[in-house]
Amino acid sequence: MQAEKFYYDNKIVKQFGIATIFWGVIGMLVGVLIAFQLAFPQLNFGLSFTTFGRLRPLHTNAVIFAFVGNALFGGGYYLFQRVLKARMFSDTLSKLHLWGWQFIIVLAAVSLLAGFTTGKEYAELEWPIDILIAVVWVIFGINMFGTILKRRERHLYVAIWFFIGTWVTVALLHIVNSFELPISLTKSYSLYAGVQDALVQWWYGHNAVAFFLTTPFLGLMYYFVPKVAERPVYSYRWSIIHFWALIFIYIWAGPHHLLYTALPEWAQALGTVFSLMLILPSWGGMLNGIYTLRGAWDKVREDPILKMFVVALTCYGMSTFEGPMLSLKSVNAISHYTDWTVAHVHIGALGWNGFLTFGMLYYMIPKMWGTTLYSRKLANQHFLIGTVGILLYAIPMYWAGFSQSLMWKQFTESGQLQYNFMETVTHIVPMYVLRGIGGTLYWIGALMAVYNLSKTMKQGSFIANEAAEALPLAALPLPSGKQHWHTWIERRPLKMLLFAVIAVSIGGLIELIPTFLINDNVPTITAVKPYTPLELQGRDIYIREGCYTCHSQMIRPFRDEEARFGEYSKAGEFVYDHPFQWGSKRTGPDLAREGGKYPNSWHYNHMRSPSEMTPGSIMPEYPWLYDNDLREENTPAKIRAMRKLGVPYPEGYDATCMDDLHKQQEEIVKNLKEEKINAHKEKEIVALIAYLQRLGTDIHKSNTVKN
C-alpha cells in the first residue's frame, strides 16, 4: 500500500505560540509589579484595580492559564501531529479552541481587576467563565482524541500518555471544585463550606499545579528533549513507571497544604504519606530526561535550547524533592504561611515551565519558518540572564521565609514574644526588593526572546501547511515476537483513557467522599452563629479586595501563634463560611480573632491609611471604600443563597434582613461618631468594619495580644 500524503497544520501552533509570548510578557510584568508593591506600597497607586489583592490573582491566572496554558496547547498541537502522523482532527475545533481560550483569558483579566472573584486560590474565576473553560476543554479533548483515533502510528508515544492524563484529570478537578451557587452573573458562593471547602480547594489547587503545570510539560519534555538532543528517550520502562505512578499518587497529595489546620488528621496524614511517595516517580521522570542527554554534553555546552532544558529538568527535580519535604509536619511548621513557599513555587514556574517553554519556542519557530534561529548568542544571553533572575528571585525568598518563621517563633527569656508582627515584615523588605530585581531580569530575558523570535520569523518564510506522508494505520505491520505488556495499552487509546480515569479517580474519591460526611463529624459549637446581613456583605468586600492573599484566618496549635493571635482554630468555627478563608500566606497578621481587638475607629482609619495606624505597614490604602455605596439591594438574594447552602437563617428572613442590616449600620456609625469620625452608613467601609469586628468573637479568646 502506498504512503498517504497529508499536511501538518502549523498555523494553529504559530497562533498558540504567539499567544504564549504575548501573555507571558504581560503576566510576568504584573508579577514584577506586585513583587515591588510588597516593598513599596505606593506602587498600588491608590486605585481599586491596581492593588496587590486584585493584581496577585491576575498574575497567577495570567502565568498559569495564559502563558503556560497557551504553551502546552501550542507544543501539544505541534507534537500530536508529528508523533501521530496525522493532521489535527478538525481545523475548526482548533480555531474554536484557540480563540475560545483567548476570550477566556480576556474575561478573566477584566473580571479579576473588577473584583469579581470566588476567593479560591487558582480558581478565582466566576461561574460563567468556569462554564466557558469546561466547554473549551471539551473542544480540546475532542480534537486531541479525534487525532489519536485517525493516527498513522500504531503505538502511542509517551508524550501522548501525559496529555491524556492531563485532559482527564483537569476536567475532573475543574468540575468538582467549581460547584457553586450563583446569585448573579458576577457573584456566586461555593457549594462547600469551611473544612469541606478547604479540602476540595486544595485537592484542586495542588493538582492544578500537578496536572496543568507538570504532566503536560512532562509530555512536552519527552518529545522536545530527545528531538533537540537527537537521541532516544533513555528508558522506555522508566517512562511507563513515571506516568502511571505519577497520575495515581499525585491526586492524593493536596491535604499537605493544610497541615496543622482544622482539617481532620486522617486527611492530613494521607496527604503527607502520598506526598513522600511522589519523590520516586517524579525523580524517575527527571532522571529519564537528564539521562537522555548522556553522550550529548558537548552539544549541551553550545546549544542554548538544551541548556534551558537542563535547567528546566533540574528545577523540576528540585521542586519535586522540596514539595514532599514540605509535607513533613516538622518542615511544614516552619515553611507554611512564609515566603519559603513562594520561592518553592517559583523555582518550578520560572525554571521548569518558563525555561521549557522558551526552549520549545526556540526549537519550533525556526522549524515552522524553514530557517535557523536568528541569534544563538542572544538565546545564550537569555539563558544566562534568566538563570540569574531565577536565583535572585528564589534565594531572597528562601531567606525571607526562614527569617519570618524564626522571628515569629522567638520568645524572650521572660516568655514574651520577642518581635511584634510588623517587625517581622519590615525586616524582610530588602529581600522583597531583591526578589523584584530577580523577576525583572527574568522578564528582560523574555523580552529578549520576543526580539530573537520575531527576527527569526522575519528572516524565514512561514510554512502554514507542512507536507508529510506515512502509511495508513491499517497498512502498518503488526509487531512480531514477544511484546512488552504496555504495548497492548498503547495500541488502545480509549482503554488508556479509561485506565487513566480509574487511576486518578481512586485517590480523589477516597479523599472527597468523606468530605460530604465531615459536617456530621465536626464538633458542633453552639456559640457559632451565621453572619449578620451586614457582616455577610462585608465579607464579600473582603474577598473582592483579595485580602486572603495576605492574611490567613487559621490559627495553628503552636505556642507562638496562640500567644500572638489567640486560641487555635477549630473546625466548627467555619461551618457557615462559603468559601473558606484560611489563606496560604501571611504578609499581614492572621485575622481569625481580629474581632474586638481594636475599636471601630482604628479599622476606619487603618483602611484609609495603614501606615499611619501601623508605621512601616506595606498594606495598600483603600480610599474607594469610603466613596462606594454598599450594593445592599442584593442582600436578600445572598440570604436566600445561604439558606439553600444550609446556613440556618430563619425562614422568610430574606424579607426582613434589611432591617437588621440598617440597624447594624447605624450602630457602627454612631460608635464612630463618638470617636469624632463622621461616617456615612451606606458606604462599603461600614460593612467591612462589621465583618472584621465579627471575626473570632463567637469563640472565647484567651492569651490574645495585639499585633
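Each value in this text was obtained by applying a stated rule to the coordinates, not by laboratory testing. Values in this document were obtained by computation on a predicted structure and should not be read as measured data. Every residue, glycine as well, gets a Cβ built from its backbone with ideal geometry; the counts of neighbours run over all protein chains shown.
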Rg/Rh over Cα atoms for segment 117-201, Kirkwood Rh, comes to 1.11
The simple spin-label model distance between Gln42 and Ala474, using points 7 Å out along Cα→Cβ, in nm, is 7.5
The simple spin-label model distance between Phe179 and Val429, using points 7 Å out along Cα→Cβ, in nm, is 4.6
Straight-line reach check, Lys11, cutoff 13 Å on alpha carbons, 8 or more apart in-chain or any other chain, hits among aspartates and glutamates -> Asp91, Glu466
Going from the fewest other Cβ atoms within 10 Å to the most, one would list Asp303, Asp698 as Asp698, Asp303
About its Cα centre, the chain carries a charge dipole, from +1 on Lys and Arg Cβ atoms and -1 on Asp and Glu Cβ atoms, whose size in debye to the nearest 20 is 2680
Calculating Kirkwood radius over Cα pairs in Å from this structure picks out, from (i) 26.7; (ii) 28.0; (iii) 30.5, entry (i)
Straight-line reach check, Lys95, cutoff 17 Å on alpha carbons, 8 or more apart in-chain or any other chain, hits among aspartates and glutamates -> Asp9
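Relative contact order for the chain: what percent, with Cα pairs under 8 Å and sequence separation of 6 or more? Please list the in-between numbers first.
Details: 1155 pairs, mean separation 128.3, N = 707.
The value is 18 percent.
Decide, for segment 1-111, between rounded, prolate and oblate: order the square roots of the alpha carbon gyration tensor eigenvalues as a ≥ b ≥ c, take rounded if a/c falls under 1.5, and otherwise choose prolate if a/b is larger than b/c, else oblate.
Judged from the Cα gyration tensor, segment 1-111 comes out prolate (a/c at least 1.5, a/b above b/c).
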So, with points 7 Å from each Cα along the Cβ direction, the Ile131-Ser611 label distance in nm works out to 4.5
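Nearest 0.05, what FRET efficiency do Thr50 and Asp698 give at R0 = 22 Å with Cβ-Cβ as r? Write out the running numbers ahead of the final one.
Working: r = 35 Å, r/R0 = 1.60.
About 0.05, to the nearest 0.05.
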With a 29 Å threshold on alpha-carbon distance, the violating pairs from Lys14/Lys227; Lys299/Lys495; Lys329/Lys570 are Lys299/Lys495
When Glu302, Glu594 are ranked with the fewest other C-beta atoms within 10 Å first, the list becomes Glu302, Glu594
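For Ala134, what is the net charge nearby, where nearby means another residue's Cβ is under 14 Å from its Cβ and Lys, Arg count +1, Asp, Glu -1?
Working: positive: none; negative: Glu126, Asp130, Glu180.
Net charge in that neighbourhood comes out at -3.
Among rounded, prolate and oblate, which fits segment 333-421 when a ≥ b ≥ c are the square roots of the eigenvalues of its C-alpha gyration tensor, a/c under 1.5 means rounded, and a/b larger than b/c means prolate? Spell out each step's value before the answer.
Numbers: a/c = 7.96, a/b = 3.85, b/c = 2.07.
Prolate is the answer for segment 333-421, as a/c is 1.5 or above and a/b outweighs b/c.
Under the rule of -39500 (n - 2.57) per DSSP H run of 4 or more residues, summed and divided by the residues of the chain, what mean residue ellipticity at 222 nm is obtained, to the nearest 500 deg cm²/dmol?
Numbers: 29 runs with 428 residues, N = 707.
For the chain, the value works out to -19500 deg cm²/dmol.
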In terms of the charge dipole of the chain, which places +1 on Lys and Arg and -1 on Asp and Glu at the beta carbon, the residue among Ala687, Trp582, Phe224 farthest towards the positive end is Phe224
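Let me check against my output: what whole-number percent is the relative contact order of segment 533-694, with C-alpha pairs under 8 Å and at least 6 apart?
Contact order relative to length: 33 percent.
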Most exposed to least, judged by fewest other Cβ atoms within 10 Å, Phe411, Phe358 sort to Phe411, Phe358
With the dipole of the chain defined by +1 on each Lys or Arg Cβ and -1 on each Asp or Glu Cβ, the option from Ala464, Asn452, Asn634 whose Cα lies farthest towards the positive pole is Ala464
Counting only residues 5 or more apart in sequence or on a different chain, those whose built amide H sits under 5 Å from that of Tyr189 are Leu181, Ile183
Taking a straight Cα-to-Cα line shorter than 17 Å from Lys187, and setting aside same-chain lysines fewer than 8 residues away, one finds Lys120, Lys638, Lys644
Taking a ≥ b ≥ c as the square roots of the eigenvalues of the Cα gyration tensor, with a/c under 1.5 meaning rounded and otherwise prolate when a/b exceeds b/c and oblate if not, segment 299-474 is prolate
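For Ser414 and Ser330, what does the FRET efficiency come to when R0 = 30 Å and r is the distance between their Cβ atoms, rounded to the nearest 0.05?
In this case the efficiency is close to 0.65.
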